Amino acid sequence: MQYSGLVEPSDLFSDHHVHTFLCGHAQGSMEEYVLEAVKKGLRVITFLEHMEEGIVSRWPSWLSEEDFDYYFSEGRRLQQKYADKIRIRLGVECGYNSDSRDRLRQRLAAREWDEIGISCHFLLLPGEREHINLLSKREENLRRFAGLDCSELFRRYIANLSEAVTCLNGTVLCHLDAALRWVPGHRLNDRHYQEIDDLLALISARGMALEINTSGIAIRGEPFPNRQILGLAKKHDLRFVLSSDAHKPEDVGNHFSRFQPKTASPKTKRCSG
């Protein structure tokens, strides 16, 4: 399936969302991602590493402040080393937790980010101490989901994102419908789509972009968000940015070729791995 025309042709040379070993669930150094991007002919790569606050989990998947110190130090080194080959941007994917909104604001304000992605990975269920990871395929998480009303859980997820967009100075909304992606039988209903449409109106009013996350293609055959949501987003005149959400260097720029304009030049095709 092609998605020609959704993103500007120049944006096919930019990957707006990659991770590294620093988050604990990805592989590869920052430099390995840069080298892969250069090899594939990209002009811009944006690191968007995980920030969470107040989350209780046995499997931390985010950076500490000390990790971010290294992230910026290494990122600045790479910016200088590869200045003649590629633009390297240092951003953050901020996972929203309403119980820690003030601390998240403080942490975001303390550094100069090239991009602030807004997402929600964790929610706290009533009566529980440990947060549940909405994007995890761990067997234990799937067992917890089996006893829940996932339709209502997804509504909580959208409400959380709406609050995040209002409370934080985000620049892009990440992988909008990726929550519960591993839950068998999970489907969005009309009520979900109405609430998503309201969220899209909100991010449009805030001047944010909407990420087209190509990692969904390998999981379900289409990106995050799905084609119906992309159609709603176009009605709000939202700007789209293309992202691989790479967790391995070789995944940088994955499936970008599906977004080439139908009259793509040979150079554009080469740069869209």
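The values are calculated or read from the model by the stated rules, or taken from the named source; none is laboratory data. Computed from a prediction, not measured in an experiment: that's the story for all the values here. We place every Cβ from the backbone using ideal geometry, glycine too, and count neighbours over all the protein chains shown.
In region 182-208, what residues are under 19 Å from the mean Cα position of the chain (by Cα) and at positive phi?
Correct list: G207 only.
Can you find a residue in region 7-22 that is in a loop (DSSP other than H, G, I, E, B), over 18 Å from the mean Cα position of the chain (by Cα) and on the phi > 0 side of the Ramachandran plot?
no
Within region 249-256, is there a residue that is modelled with pLDDT of 95 or more and surrounded by fewer than 18 Cβ atoms within 10 Å (Cβ to Cβ)?
Taking every residue of region 249-256 in turn, at least one turns out to be modelled with pLDDT of 95 or more and surrounded by fewer than 18 Cβ atoms within 10 Å (Cβ to Cβ).
Can you name the condition, by its number, that Q80 falls short on among (1) of a type in the set (S, T, N, Q); (2) within 19 Å of the chain's Cα centre (by Cα); (3) farther than 18 Å from H247 by Cβ?
Status for Q80: all satisfied but (2).
Residues in region 144-164 that are among the acidic types (D, E), more than 22 Å from the chain's Cα centre (by Cα) and assigned to a helix (DSSP H, G or I): how many?
The total comes to 1.
Tell me, yes or no, whether region 56-69 has at least one residue that is of a type outside the set (F, W, Y), outside any helix (DSSP H, G or I), in contact with a Lys or Arg (Cβ under 7 Å, 6 or more places away or on another chain) and at pLDDT 95 or above.
Within region 56-69, one or more residues are of a type outside the set (F, W, Y), outside any helix (DSSP H, G or I), in contact with a Lys or Arg (Cβ under 7 Å, 6 or more places away or on another chain) and at pLDDT 95 or above.
Taking region 202-229 as the region of interest, how many residues are among the hydrophobic types (A, V, I, L, M, F, W, C), farther than 20 Å from L135 by Cα and in contact (Cβ under 8 Å) with a residue 24 or more places away in the chain?
Here the count works out to 4.
Residues in region 48-92 that are touching a Ser or Thr at 6+ places or on another chain (Cβ under 9 Å), of a type in the set (D, E) and surrounded by fewer than 21 Cβ atoms within 10 Å (Cβ to Cβ): how many?
Residues meeting the conditions: 2.
Of all residues in region 93-143, how many are under 14 Å from the mean Cα position of the chain (by Cα), assigned to a loop (DSSP other than H, G, I, E, B) and either of a type in the set (D, E) or surrounded by fewer than 16 Cβ atoms within 10 Å (Cβ to Cβ) (or both)?
Residues in region 93-143 being under 14 Å from the mean Cα position of the chain (by Cα), assigned to a loop (DSSP other than H, G, I, E, B) and either of a type in the set (D, E) or surrounded by fewer than 16 Cβ atoms within 10 Å (Cβ to Cβ) (or both): 1 in total.
Run V183 past the list (1) free of Cβ contacts under 8 Å to residues at least 12 places away in the same chain; (2) part of a loop (DSSP other than H, G, I, E, B) and report the number of the one that doesn't hold.
Tallying (1) free of Cβ contacts under 8 Å to residues at least 12 places away in the same chain; (2) part of a loop (DSSP other than H, G, I, E, B), V183 fails exactly one: (1).
Rundown of residues vs (1) surrounded by fewer than 17 Cβ atoms within 10 Å (Cβ to Cβ); (2) farther than 17 Å from D11 by Cβ; (3) in contact with a Lys or Arg (Cβ under 8 Å, 6 or more places away or on another chain), yes/no style:
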site	(1), (2), (3)
I196	no, yes, no
A201	yes, yes, no
S204	no, yes, no
I212	no, no, no
R220	yes, yes, yes
P223	no, no, no
L230	no, no, no
K234	yes, no, no
